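This report refers to the structure that appears directly beneath it.
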Protein chains: 2
Amino acid sequence: MKIAIVGVGKIARDQHIPAIQNSLDWEFAATVSRHGSFEGIPSYTDLATLLSERPDIACVSLCMPPVPRYDYAMVALNAGRHVMLEKPPGASVAECIALETKARDAKLALYATWHSREAACVDLAREWLADKRLRRLSIAWCEDVRKWHPGQTWIWEAGGLGVFDPGINALSILTKILPVPVRVVAAELSFPENCETPIAATLNFGHPDGAEVTGTFDFRQLGDETWSIAAETDGGNLILSEGGARLMVNGVERSPRVPDVNQAMSGEYPRLYANMAKLTNERRVDMDLSPLILVADAFLIGRRKIVEPFDK
Amino acid sequence: MKIAIVGVGKIARDQHIPAIQNSLDWEFAATVSRHGSFEGIPSYTDLATLLSERPDIACVSLCMPPVPRYDYAMVALNAGRHVMLEKPPGASVAECIALETKARDAKLALYATWHSREAACVDLAREWLADKRLRRLSIAWCEDVRKWHPGQTWIWEAGGLGVFDPGINALSILTKILPVPVRVVAAELSFPENCETPIAATLNFGHPDGAEVTGTFDFRQLGDETWSIAAETDGGNLILSEGGARLMVNGVERSPRVPDVNQAMSGEYPRLYANMAKLTNERRVDMDLSPLILVADAFLIGRRKIVEPFDK
């Protein structure tokens, strides 16, 4: 099946393109980008031209920042194409719901991807937590924004999510590994004086059984990053670290049950593209908005703190 | 059917209690409030006591501010009671979804009320717009916060919504009268230096046919309030004013088709309680979250502006 990448930026080059090139399901057929292109692949500068000139490309994968994503997705769905969305699936909850409605009505595949959910040890953590009673869980998602988001000025503009651009990855894992839903009950968001989005945040979650669930998100961490979730339960404790790639249970390292022997299928993005192939064949929608709703709720009910300007 | 009011504040006294007292469906059986009570009606200071001592009361109507509402609602649903929620149905989107899931699982009635949707001319506006092509729509929802929200300090605290406490009424009308969904594409929120919630906001909406849809919300208006929605279409123009109570079409005043001859059924809150009676009999859920999602999206993607302190 032929697929086009729309938005040839850092994430497309680092992850999407290699995943497609190594995939047995997909043929990398074209790119759409105002400025970028990829050697040896037909490139278009606008989506409308691709859609009209390339009826052979049934699927588009949207890798641009969240704010412009909706318009591209709606145009592609209106042209009868299947759509795969980088995370977050849109800049707002309402626009994601509108896309979902459209895709279901048109019987097209639509996939709100959450790449961190495909990290090697996430399923193992979910299985381990399934029959435990949670007492405490804390997320620490801290990284150096200059190291991980060089030149991504959109992250500081309204709708760019700030520290929740990576932080939503933690929330996508949280909502996958817990057997019950959580909700944000309090939040503090730190906005640099010169930015529209927060550079740091702390969240408190409500949990149906009263477990104490918290999150710390910070873009100001220097040196190594911390992407971990620690949980205490009535059956011991768990530490999911390195963004879901490593798991310790009661101090003992666990390995993913099924080793990734087939390199074409290993890694977060190869799994996303395998999932998308399945959704496309079945013309199905996978649009779990719960991580984005938690972020929207944090903005809605959070206290705002103005902190020192950030030198972009 | 017996019903209890939980949270005896301004809105309960002004609207809920008279509506219940004039209703043919409901018997005003009790109040729950830490401080308030209502003459001649049994009063409880906590919900748990009411739920255990009064199995005859099948339904509770929650009138406290949005932040504490979820805990009360979940306790009531867990005790097998039907629940009616003042607007907004909760402080966050995720908690409303959790309540909805619980009510559906337990086959209990749950009603996210939006009182402005029951204003006299809202249905007429919806019917008139149904077959028109919208070109432009603007909301103006401006009022003097000191006149309409005396002593409601929670409105300025995190989760209190600020100007969106009344503004969500406009959004509840908007989402009822338009035949298609809209989404927030840009917002500017003005936060007083000393408040956690905005005192004013402007919103720009995306509309599927490209109509220009905007909203202005302001708590700083002195004198008379403005609660109006004006629309231009290919078939003329409409002005819905006084919070939905009056409708002008092409300059001519329209009257609600069915005059409210039965006084017990006239007005927004009497209609809400009639709707709740029907939901309770049918053990159904009516939980349209679209107005709250638009507000959450405005906070999520909005630009923040700090304005002069508000003297609460």
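The values are calculated or read from the model by the stated rules, or taken from the named source; none is laboratory data. Source: prediction; values computed, not measured. Neighbour counts run over all protein chains shown; Cβ positions are idealised from the backbone, glycine included. Note: accessible area is taken over every heavy atom of the protein model, side chains too, but ligands, DNA and RNA are not part of it. Shrake-Rupley method; radii C 1.70, N 1.55, O 1.52, S 1.80 Å.
Some notes on this structure:
- B:V180 fulfils the conditions (1) closer than 27 Å to B:D234 by Cα; (2) touching a helix residue (DSSP H, G or I) at 6+ places or on another chain (Cβ under 8 Å) except for a single criterion, (2).
- Answer residue from the range A:277-302, given it is of a type outside the set (K, R) and in a loop (DSSP other than H, G, I, E, B) and is farthest from the other protein chains (Cβ to nearest Cβ) among those: A:M287
- Top-ranked residue of the range A:113-132 - restricted to ones that are in contact with a Lys or Arg (Cβ under 7 Å, 6 or more places away or on another chain) and not in a loop (DSSP other than H, G, I, E, B), ranked as farthest from A:I293 (Cα to Cα): A:L124
- Qualifying residue in the range A:133-142 (condition: outside the structural domain of A:R69 (by TED's automatic domain parsing), in a loop (DSSP other than H, G, I, E, B), open to solvent by 10 Å² or more (accessible area, probe 1.4 Å) and among the hydrophobic types (A, V, I, L, M, F, W, C)): no
- Residue check for A:T197: of a type in the set (S, T, N, Q) and open to solvent by less than 20 Å² (accessible area, probe 1.4 Å): yes
- Residue that is of a type in the set (A, V, I, L, M) and either within 29 Å of A:A58 (Cα to Cα) or touching a Pro at 6+ places or on another chain (Cβ under 9 Å) (or both), where the choices are A:I177, A:I97, A:I139: A:I97
- Complete set of residues in the range A:37-65 that are in contact with a helix residue (DSSP H, G or I) (Cβ under 8 Å, 6 or more places away or on another chain) and under 25 Å from A:A91 (Cα atoms): A:Y44, A:L47, A:A48, A:L51, A:A58, A:C59, A:V60, A:S61, A:L62, A:C63, A:M64, A:P65
- For B:E86, the conditions (1) within 25 Å of B:W227 (Cα to Cα); (2) assigned by TED's automatic domain parsing to the domain that holds B:V8; (3) open to solvent by 50 Å² or more (accessible area, probe 1.4 Å) all hold with the exception of (3).
- Residue tally, condition out of contact with any Lys or Arg (no Cβ under 6 Å at 6 or more places or on another chain), touching a residue at least 12 places away in the same chain (Cβ under 8 Å) and β-branched (V, I, T), over the range A:216-240: 3
- Look at (1) farther than 30 Å from B:F205 by Cα; (2) under 14 Å from the mean Cα position of the chain (by Cα); (3) within 14 Å of chain B (Cβ to nearest Cβ) and you find that A:S116 fails only one, number (3).
- A:G80 satisfies every condition listed in (1) away from chain B (no Cβ under 14 Å); (2) touching a strand residue (DSSP E or B) at 6+ places or on another chain (Cβ under 8 Å) except (2).
- Taking each residue of the range B:90-107 that is within 10 Å of chain A (Cβ to nearest Cβ) and part of a loop (DSSP other than H, G, I, E, B) and looking for partners that are at pLDDT below 95 and open to solvent by 10 Å² or more (accessible area, probe 1.4 Å) with beta-carbon atoms closer than 7 Å, six or more apart or interchain, yields B:A91/B:V67.
- Long-range neighbours under 6 Å by Cβ, at least six apart or interchain, first residue part of a loop (DSSP other than H, G, I, E, B) and among the aliphatic types (A, V, I, L, M) within the range A:23-51, second open to solvent by 50 Å² or more (accessible area, probe 1.4 Å) and at pLDDT 95 or above: none
- Scanning the range B:49-68 for residues that are more than 18 Å from B:I17 (Cβ to Cβ) and within 14 Å of chain A (Cβ to nearest Cβ) returns B:P66, B:V67, B:P68.
- Residue list for the range A:101-122, restricted to those being crowded, with 18+ Cβ neighbours inside 10 Å and not hydrophobic (A, V, I, L, M, F, W, C): A:K102, A:Y111, A:T113, A:H115, A:S116, A:R117, A:E118
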